[in-house]
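What follows is a single structure, written as structure tokens, with notes after it.
The values are calculated or read from the model by the stated rules, or taken from the named source; none is laboratory data. All of these numbers come straight from a predicted model, not from anything done at the bench. Because the Cβ atoms are built from the backbone with ideal geometry, glycine has one as well, and the counts that use them run over all protein chains shown.
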């Protein structure tokens, strides 16, 4: 991973503050199975308007809920689904086994979907969905190191078979570079103090687990206020985004959509923080290329938000690739 990959994409984020940040809320025991509540399933199905005979892409398979919904919506529809997480992919294989060869599951980052489809010999598809949220099992599994609620290694990788861990990232970067990541990916105004405290803890041999990381953050900014967001939330988010190159992968996927989709096909992207949402909004802004399905992004219904707290920060944007776009005429 190069230095250029550690910062937000130039010209994308600007000076605006992040409007919304998801706060951790998982409680309970530490036994984790890969069960994840599908977010905004009904709205995504409506956007895709699934038809028999169509081939669809689920760029972020996760627990398999959106893929399952597509396959159930049309008995002759097919899905090619992708996920970089082998645990998620294996759990989804079992969940979706009843659909047989109507579903193909492949491991890859969602930014590489275009290339992987070419390897599979798949042509342009009828529609694509992507749920950019971190799945509940990934957050709840202490071995993933994505949560400060449970003690585990400071890892944060979606694919634990490759790449740099969050602890290795912290070790490699100097104070200023670490502060830049925390500020740009987490909109954390106290990033300099937090970065210094984290690096000091590392130098003193006091940075081994996620709880150590949270303690270093709290030492810099103080404990959570009553009813407030935990002070570690933004820093954990920022490190996870940097470790997994989430914004870079999203930018690659968005740029590839015109080549992935058939003319007239829909892309539906579900995001969970404003850095992602801003990229999606900008990608769909070209009226010569895209026709947005709604003027503003959809949010989860009040009923869904009450039943699934992690849906509260979800925003869904969907757009149709215009049939007369230059890419659509390829």
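Among the residues of region 66-88, those that are farther than 19 Å from residue 125 by Cα and buried (at least 21 other Cβ atoms within 10 Å of the Cβ) comprise 84, 85, 88. Of the residues 128, 178, 173, 167, the single one that is surrounded by fewer than 22 Cβ atoms within 10 Å (Cβ to Cβ) and modelled with pLDDT of 95 or more is 173. Counting the residues of region 223-259 that are touching a helix residue (DSSP H, G or I) at 6+ places or on another chain (Cβ under 9 Å) and under 18 Å from residue 132 (Cα atoms) gives 23. Summed over region 190-222, the residues that are at pLDDT below 95 and in contact with a helix residue (DSSP H, G or I) (Cβ under 9 Å, 6 or more places away or on another chain) give a count of 1.
Residues that are assigned by TED's automatic domain parsing to the domain that holds residue 191 and part of a strand (DSSP E or B) within region 209-267 comprise just one, 209. Are any of the residues in region 208-224 in contact with a strand residue (DSSP E or B) (Cβ under 7 Å, 6 or more places away or on another chain) and either within 21 Å of residue 110 (Cβ to Cβ) or in contact (Cβ under 8 Å) with a residue 40 or more places away in the chain (or both)? Yes, region 208-224 has at least one match.
Read through the list (1) on the phi > 0 side of the Ramachandran plot; (2) touching a strand residue (DSSP E or B) at 6+ places or on another chain (Cβ under 8 Å); (3) crowded, with 18+ Cβ neighbours inside 10 Å, then give the number of the only condition that residue 260 fails. Of (1) on the phi > 0 side of the Ramachandran plot; (2) touching a strand residue (DSSP E or B) at 6+ places or on another chain (Cβ under 8 Å); (3) crowded, with 18+ Cβ neighbours inside 10 Å, only one is false for residue 260: (1).
It is to be established whether one or more residues within region 296-303 are without any contact (Cβ under 8 Å) to a residue 24 or more places away in the chain, assigned by TED's automatic domain parsing to the domain that holds residue 120, in a helix (DSSP H, G or I) and surrounded by fewer than 17 Cβ atoms within 10 Å (Cβ to Cβ). The answer is yes, given that some residue of region 296-303 is without any contact (Cβ under 8 Å) to a residue 24 or more places away in the chain, assigned by TED's automatic domain parsing to the domain that holds residue 120, in a helix (DSSP H, G or I) and surrounded by fewer than 17 Cβ atoms within 10 Å (Cβ to Cβ).
State all residues of region 131-143 that are under 19 Å from residue 65 (Cα atoms) and either part of a helix (DSSP H, G or I) or at pLDDT 90 or above (or both); if no residue qualifies, say none. The answer is 131, 132, 136, 137, 138, 139, 140.
Considering (1) touching a helix residue (DSSP H, G or I) at 6+ places or on another chain (Cβ under 8 Å); (2) part of a strand (DSSP E or B); (3) free of Cβ contacts under 8 Å to residues at least 40 places away in the same chain, say which one residue 291 fails and leave the rest. For residue 291, the exception is condition (1). You will find that of 156, 146, the residue that is on the phi > 0 side of the Ramachandran plot and either surrounded by 21 or more Cβ atoms within 10 Å (Cβ to Cβ) or not in a loop (DSSP other than H, G, I, E, B) (or both) is 156 and no other.
Restricting 53, 62, 123, 111 to those that are assigned to a loop (DSSP other than H, G, I, E, B) and at negative phi reduces the list to 123.
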